[in-house]
Amino acid sequence: MDKETRLKIKISEAATDRYLENPRFTIQSLAKTLKMSSSDIFDLFPNRRSILEYFYESRMILYRDSLSEIEDYQNFSLGEKLNHLFLTLLDAFETNREFVLTTYKEWIVYSQRWNAFRKHFKEALKEIFQQDSEISRTSTLLQNELLWKSILLQFHGLIAFWAKDSSRMRENSMALADKWSAFIEEIFYTKIIDKGFDLGKYLWMNSSLNRCMNSVEFKFPDFNCTGRESGEMNHE
């Protein structure tokens, strides 16, 4: 992570604290808190709202940064990669929990504005799924925008659960994320659909109907599986 990105994250995290104290805080007051000049902040952000929204975008940046610290990440299963994504975000939200509880629903779930967090979340999902060679052949057909939106919606549900979680160190939320990840993996790793498709293909290729349809003596429209036309039968 470069120096400028670290500084932007520091500013956005400080801004969440100022927001909780006063939603209408000024850039000047934020600069004073950080012992910076307001012009330095304006060089990085156009306005107060962009600073606060960057907090959510920066959570995905922290997630990306965490991947470089895991030596065997590429050997993780689908469930393990998803679980790492969910738990990393929960942990990143925890440090600014009150701000997330105050703004997540309005700014992330229901916002009609272009949203960097949602964009980067979906991109992370695409990479996780598309780089996994263990996913069944037929399950790859499910990898589309509907799937990314569905998992994002379920993540919103996880945040709603986390918001009410009073267990020690949010253990219940972590357990839910783990079970959810394992369930998704089970769906996409199962070979049942693949095997069913192979079975159906085999039965079709070896069925009498298929042999009849592909017979060199096949005639349309009057035919039977002996290869003789109906007129020939009537003369016998």
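Points to keep in mind about this one:
- Test: residue in the range 4-18 that is among the β-branched types (Val, Ile, Thr), surrounded by fewer than 16 Cβ atoms within 10 Å (Cβ to Cβ), touching a residue at least 24 places away in the same chain (Cβ under 8 Å) and not in a loop (DSSP other than H, G, I, E, B): yes
- Of all residues in the range 106-124 being free of Cβ contacts under 8 Å to residues at least 40 places away in the same chain and in a helix (DSSP H, G or I), the one that is farthest from Trp148 (Cα to Cα): Glu106
- Selection within the range 90-141 - of a type in the set (Phe, Trp, Tyr), out of contact with any Ser or Thr (no Cβ under 6 Å at 6 or more places or on another chain) and under 12 Å from Phe55 (Cα atoms): Phe93, Tyr104, Trp107, Phe117
- Only one of Gly200, Gly196 that is part of a helix (DSSP H, G or I), exposed (fewer than 11 other Cβ atoms within 10 Å of the Cβ) and either of a type outside the set (D, E, K, R) or modelled with pLDDT of 95 or more (or both): Gly200
- Those residues of the range 92-110 which are of a type in the set (D, E, K, R) and in contact with a Leu (Cβ under 9 Å, 6 or more places away or on another chain), in sequence order: Glu98
- Ile9 within 24 Å of the chain's Cα centre (by Cα), at pLDDT 95 or above and not assigned by TED's automatic domain parsing to the domain that holds Gln131: yes
- Qualifying residue in the range 153-174 (condition: at pLDDT below 90, in a helix (DSSP H, G or I) and surrounded by 13 or more Cβ atoms within 10 Å (Cβ to Cβ)): no
The values are calculated or read from the model by the stated rules, or taken from the named source; none is laboratory data. Everything numeric in this text was worked out from a predicted model, so none of it was measured. Every residue, glycine as well, gets a Cβ built from its backbone with ideal geometry; the counts of neighbours run over all protein chains shown.
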